């Protein structure tokens, strides 16, 4: 009985600690340039970015919007994954313009770390 209580406690702690750790990792990766609110820093605020149209955050001057052909893309999982892997390459693909530029440097984030960042951004509502 005592073993099962210890195991249950351990499992409960893991469900609380692991998601917090994933968010902390994602948060630390983005916080030097982005706020997790509506406020802008070096980059636009990230609150509500998931599901929003690119280049539309109020009060932020985007470099890539002048290169866009047609409507802006929506920040879904696929676009975010490409962006955090290589924003310099992604902006050219997303705008359809080989001369397109972005202020954001390429982060080269992929795999589990990319999953963590995307999950974190989905939660910023």
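Summary table
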| item | result |
| --- | --- |
| Cα centroid of the stretch 94-125 to Cα centroid of the stretch 53-84, whole Å | 10 |
| R0 of 35 Å, Cβ-Cβ distance residue 69-residue 119: FRET efficiency to nearest 0.05 | 0.70 |
| Radius of gyration and Dmax over the Cα atoms of the stretch 25-125, both given in Å | 12.5, 35 |
| Cβ-Cβ FRET estimate between residue 110 and residue 31, R0 fixed at 30 Å, reported to 0.05 | 0.90 |
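Laboratory data are not the source of any read-out in this text; all were calculated from the coordinates shown. Since the structure is predicted, the reported quantities are computational estimates derived from the model, not experimental observations. All Cβ positions, glycine included, derive from the backbone under ideal geometry; neighbour counts span all protein chains shown.
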